[in-house]
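One structure is given below, encoded as structure tokens.
The values are calculated or read from the model by the stated rules, or taken from the named source; none is laboratory data. Keep in mind that this is a model prediction, so the values were computed, not measured. All Cβ positions, even for glycine, are placed from backbone atoms using ideal geometry, and neighbour counts span all protein chains on display. The accessibility values were calculated without ligands, DNA or RNA, using every heavy atom of the protein model including side chains. Shrake-Rupley method; radii C 1.70, N 1.55, O 1.52, S 1.80 Å.
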Amino acid sequence: MAKVIVVTSGKGGVGKTTSTAALGAALAQRNEKTVVVDFDVGLRNLDLVMGAERRVVYDIVNVIQGDAKLPQALIRDKRLDTLFLLPASQTRDKDSLTPEGVEKVMTELKKHFDWIICDSPAGIERGATLAMRHADIAVIVTNPEVSSVRDSDRIIGLLDAKTERAERGERVEKHLLLTRYDQARAERGDMLKVDDVLEILSIPLVGIVPESTDVLKASNLGAPVTLADNRSAPALAYLDAARRIAGETVPMTIPGERRGLLGKLFGRRAA
Amino acid sequence: MSIFRFFSKQTSAPTARERLQVLLAHERASVGHSDLVAKLREEILAVIAKHVQVDGDKVTVKMDRGETVSTLEVDIEIPLNAVRAA
């Protein structure tokens, strides 16, 4: 049974595309057939982060408008043969994404994939609402920073109101992915702590990705963080997060935390 | 300066946390229907304008959204000759 994940945040620049690529690759590495779908029509970037920018021929709008068949538009990853990309259109305007068209594409993707990961554009306009429309699971990417937390709260409200699941009276499974976290600054009291953000947003935590130069390095290379260097701190965080999304129980660690004896003995309870 | 900061141990994260908690409590409450305090402000001004010719410059409205209590402060200068004929 295919699962649809939306990676969303409201605010721009918090790491949605990076997280989509990293989680997509991590799930595909589990040998589960995965497609990452870019919903940012007009400002596509998932192709670039995935290193597939030179192989884009058709995009999601071509499929919706019937100019191309879905298999023609899907790009297979060169490193993982279980990973595919459905790019967004760069030239069309946002209105070429229609609710009926998106539904048609999602229905067809569900027949062929285990995981469908939708990379939402920033904002709360059509692209963002269509990206979350069919989601079973939402990954809310948040930075430990006031404007990001506020926008995430707004998005959580939309997930409870504007998705198919919400309209059927069901719930979208929501997960908080905290990115660009700096444990040293949080310990000094200069950055919101993990527990602060969790208390304010009150949704379960799926991962803590540390602020790291490895993220920029990976996007420079056009490789998902989890493929560029699978031993780097952000890669480990994303690999664990992907396992949690897949239903495994993995103990939560705060990257860069100096753990005392008690902490070592008792570990940290994952949400 | 830095020596004072060292002793007072002022950190910014607790302020961020408090500001967010207050803000979001209000935003969550106002989703769907419009913000109560803003609505009160509009209606109170409308009622006053019905009876008194109000000079826009002579009206001060202050709103303070607090954690448990919000205050709406409407300060209007009413000149003696401004009362409208009923």
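Let me check I've understood the local charge: for A:TRP115, count other residues with C-beta under 14 angstrom from its C-beta, Lys and Arg +1, Asp and Glu -1. What total comes out?
In short, +1.
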(message) Can you tell me which of A:VAL56, A:VAL172, A:VAL215 moves the most in a GNM of chain A? Springs connect C-alpha atoms under 10 Å apart.
(response) A:VAL56
(request) Obtain the radius of gyration and the Kirkwood radius of region A:58-178 from its C-alpha atoms and give Rg over Rh. (result) 0.97
(message) About the Cα centre, and with charges only on the beta carbon of Lys, Arg (+1) and Asp, Glu (-1), how big is the dipole of chain A? Nearest 20 debye, please.
(response) 560
(message) For peptide B:16-22, what's the mean number of Cβ atoms from other chains within 10 Å of each residue's Cβ?
(response) 5
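Over every pair of different alpha-carbon atoms in region A:1-86, take the mean of 1/r and invert it; report that Kirkwood radius in Å.
For region A:1-86, the Kirkwood estimate is 13.4 Å.
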(request) Set the Förster distance to 45 Å, then compute FRET efficiency between A:GLU103 and B:LEU72 from the Cβ-Cβ distance, nearest 0.05. (result) 0.50
(request) Please identify, among A:ALA135, A:ALA161, A:ALA235, the residue showing maximal mean-square fluctuation in a Gaussian network model of chain A using a 10 angstrom Cα cutoff. (result) A:ALA161
(message) Relative to 2.2 N^0.38 Å, what does the C-alpha radius of gyration of the protein assembly as shown come to as a ratio? Two decimals please.
(response) 1.19
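Which entries in the list A:LYS69/A:LYS110; A:LYS33/A:LYS111; A:LYS104/A:LYS162; A:LYS33/A:LYS104; A:LYS3/A:LYS193 go over 21 Å, if you measure between the two C-alpha atoms of each?
The pairs that break the limit, which is 21 Å between Cα atoms, are A:LYS3/A:LYS193.
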(request) Give me the net charge of A:VAL56's neighbourhood, meaning all other residues with Cβ under 15 Å from the Cβ of A:VAL56; Lys, Arg count +1, Asp, Glu -1. (result) -2
(message) Using a Cα-Cα cut-off of under 25 Å, which lysines could be cross-linked to B:LYS50, ignoring same-chain neighbours fewer than 8 residues away?
(response) B:LYS39, B:LYS58, B:LYS62
(request) Within the set of other residues whose C-beta is less than 10 Å from the C-beta of A:GLY24, count the net charge using Lys and Arg as +1 and Asp and Glu as -1. (result) -2
(request) Name all residues of region A:124-168 having a backbone nitrogen under 12 Å from the label point set 7 Å from the Cα of B:LEU23 along its Cα→Cβ direction, giving them as ranges. (result) A:145-154
(message) Excluding ligands, DNA and RNA, what is the accessible area buried between chains A and B, summed over both sides, using a 1.4 Å probe, to the nearest 100 Å²?
(response) 1200
(request) Using only the alpha carbons, work out the radius of gyration and Dmax of region B:18-78 in angstrom. (result) 13.8, 41
(message) Which aspartates and glutamates, if any, have their Cα less than 15 Å from the Cα of A:LYS217, not counting same-chain residues under 8 positions apart?
(response) A:ASP229
(message) Can you give the FRET efficiency to the nearest 0.05 for A:THR249 and A:LYS78, using r as the Cβ-Cβ distance and R₀ = 41 Å?
(response) 0.80
